[in-house]
Every structure is written in C-alpha cells, then in structure tokens.
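Each remark here refers to the structure printed beneath this line.
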Amino acid sequence: MQPVGCRIAKMRKERCRKQLHCRYRPIYLIVTTAIATWTGHGSVRCMITPHATVIAQRPGRVTAMSEVINVAKAYDKGRTLFMGIELLVAPGALVPRPETELLCASAIDALRQLNVAEPRVIDMCCGAGNLACAIALKIPDASVWASDLTDGCVTVARRNVAYHELTQRMSVLQGDLFDAFSGLSLDGTIDLIVCNPPYISETRLRGDRAPLLELEPREAFAAGPYGLSIHMRVTKDAVRYLRPGGILLFEVGAGQERQVTTLLERNKSYERISVVTNETGEGRVVMGYRKGATT
Ligand SMILES: C[S@@+](CC[C@H](N)C(=O)[O-])C[C@H]1O[C@@H](n2cnc3c(N)ncnc32)[C@H](O)[C@@H]1O
C-alpha cells in the first residue's frame, strides 16, 4: 500500500498530464501538420513535454498522389479501369487512381459487415463517380448520392451513372460539400460516407506537385495551407448525415493518417477509429463509426 501523500501526488500528476493533453492537443495538430508541410515530409510525430516543447520525430517522404498512371493517355482514350470497372473519363475530372481502390474496397467491406438491407451511401467529392459507381455495382441494393463542386466532375459522373445503368439508385448533385444535399432529408439516415478529398497543401502545389495541375483540375488537389481543409470540414459535417453506427471513410495522403485520425478523435462523435494500410504498409485510409449505436 502506497502512503497517502504518495497517492495524492500521483493523482495530481495524472490530472496535470490530462489537462496538458487537452490544452495542447489542438496546437499539436497544427504544429505537426505545419512541420510536415514546411519540411516536405509526412509522418511527423511530435511529443509535447510538460513544458510544451515540440520534438519532431521520424520524418518520412510524403507521396501525395500516384503518378503511375498516364493521365494524357486516359483522357485520349476517354476510359480507364477502376476496381475492374470501365469508367468514362474526360478533362475536368480527375482520372481515378489505382491507390483509391483501397478506399473503395474498405468501404465495400465495411458495408458488407454492417449487413443492412438497402444501405444508403454518400460519395463526397465524387470526381468521375468512380467510388459511387463501383459501390453501387458491387452492392446491388445500395442507394448512392454523389456530389462534387465542379461542372466538369458532375457531367462526367452523370455520364458514368448512365453508362452503367444506375440511374434508379444513384443521384449526382453539385455543390460545396454537403450543401448539395440540402432539402433531401438525408439527415441521420446514411450508413456510409466515402470521401477521397483533395489533400495537397498550397505550398506543395506551387512547388514539387505543380506538374499535377498540367492536365487535371486544381479543385482535385488543393486543400488549403496544410492539405487537410476538406478532411476537417467533412469530419464535422458528416456527423449530421450519418446514422448512429454509420461509417465515415477517408482517403489520406501518405503521412497524413495521424492528423486525420486526430481530427476524428477530437470531434468526439466517432468511435472505433482505425487506419487501413496498403501493401507497402502506408496508412492511406482512415475510418470511424458514428457514436450512438445501441448494439
Ligand atoms: C482527389 S479528387 C477525388 C475524385 C474521385 N472521388 C476519385 O476518387 O478519383 C477530389 C474531388 O473533390 C472535389 N472537391 C473539391 N472541393 C470540393 C468541395 N468544396 N465540395 C465538393 N467537392 C469538392 C474536386 O472537384 C475533386 O473532384
């Protein structure tokens, strides 16, 4: 048995640690993201000491978006493959990348595990509609609402919906994130939201990532000073649309998984937050469940 004085000192120390954690968590997020952006490295882990000193650890290269595919060739052909499905592509909408198949496969797995009849799905930032169409084709009783900001994306996504004869179960709407769904009474009814948002910082788009803008639209890549502006907004706004137990899944840039996990944690409306890694061990999908399910 520890002496009382010793136990009180231990409790005080623990309380102090918790207070420091709450107070400095927002600063932590901003500082780690800023270091990652300024240094051109991702995976910056910081330790906040009781004196609020920030120590950067373990930097690793950020790979923002696959350059393996030939965008010009895909636009030339007007077609590409995604999840084994033929998709129409055209300038004005990002050519779907192979790495986004991890997000799509994770969403399909998660939906199958939910095991609900006629699941309701949102594809936020739908681009060419690749995620929305693939999910609708693989889950034949799903209803899918897709949305994007730009005319180019909405046009291409609607062409893909028609091409795959999905008009009965899919709608493509246009607007700034969830604004597109206002008036549709979707609040609290959605089983899964999938989102591959833009995630490249303005600094990098002016620097080493500038070549991405040669053929594809800026809206597909630009995500504010730290590359997280859309993740931040969607994390907050998705809460209103997900039913309790519903799932939010994001694609993240390599090295961003820690920051996006922290966003979901800090929101307090999500639980069972996890990272899905690709074959090389990079965390490229972050997911969490809307709190409040009874089971
Ligand atoms: C990385 S692309 C992803 C496209 C597609 N989902 C995919 O997986 O290939 C990001 C998309 O987000 C859209 N976007 C950017 N800002 C947006 C906003 N505020 N509201 C809705 N969509 C937005 C862009 O137009 C672009 O199509």
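Quick test of your reading of the structure: GLY227 fulfils all but one of (1) over 15 Å from CYS126 (Cβ atoms); (2) in a helix (DSSP H, G or I). Name the failing condition by number.
That leaves (2) as the condition not met.
Confirm whether THR235 is away from the ligand (no atom under 12 Å from the Cβ), modelled with pLDDT of 95 or more and surrounded by fewer than 17 Cβ atoms within 10 Å (Cβ to Cβ).
Details: away from the ligand (no atom under 12 Å from the Cβ): yes; modelled with pLDDT of 95 or more: yes; surrounded by fewer than 17 Cβ atoms within 10 Å (Cβ to Cβ): no.
Criteria not met by THR235.
Which of the following residues is surrounded by 17 or more Cβ atoms within 10 Å (Cβ to Cβ) and assigned by TED's automatic domain parsing to the domain that holds ARG258: ALA117, ALA180? Walk me through it before giving the result.
Numbers: ALA117 fails: surrounded by 17 or more Cβ atoms within 10 Å (Cβ to Cβ).
Only one candidate qualifies: ALA180.
Filter the range 161-180 down to the residues that are within 11 Å of the ligand (Cβ to nearest atom) and assigned to a helix (DSSP H, G or I) and list them by number. Show your work before the answer.
Taking the range 161-180 first, the residues within 11 Å of the ligand (Cβ to nearest atom) are 173-180.
Of everything in the range 161-180, those that are within 11 Å of the ligand (Cβ to nearest atom) and assigned to a helix (DSSP H, G or I) turn out to be LEU177, PHE178, ASP179, ALA180.
Do we have any residue at all in the range 116-136 that's of a type in the set (Asp, Glu), within 11 Å of the ligand (Cβ to nearest atom) and assigned to a loop (DSSP other than H, G, I, E, B)?
No, every residue in the range 116-136 fails to be of a type in the set (Asp, Glu), within 11 Å of the ligand (Cβ to nearest atom) and assigned to a loop (DSSP other than H, G, I, E, B).
Tally time: how many residues in the range 138-157 are surrounded by 19 or more Cβ atoms within 10 Å (Cβ to Cβ) and either part of a helix (DSSP H, G or I) or modelled with pLDDT under 95 (or both)?
The qualifying residues number 5.
Tally the residues that are out of contact with any helix residue (DSSP H, G or I) (no Cβ under 9 Å at 6 or more places or on another chain) and of a type outside the set (D, E, K, R), restricting the search to the range 255-288.
3
Testing ASP208 on (1) surrounded by fewer than 22 Cβ atoms within 10 Å (Cβ to Cβ); (2) within 16 Å of the ligand (Cβ to nearest atom); (3) within 20 Å of LEU94 (Cα to Cα); (4) touching a residue at least 40 places away in the same chain (Cβ under 8 Å), one condition comes back false. Which one is that?
It is condition (2) that ASP208 fails.
The values are calculated or read from the model by the stated rules, or taken from the named source; none is laboratory data. Computed from a predicted model, the values in this text were never measured in an experiment. Backbone-built Cβ (ideal geometry, glycine too); neighbour counts: all protein chains shown.
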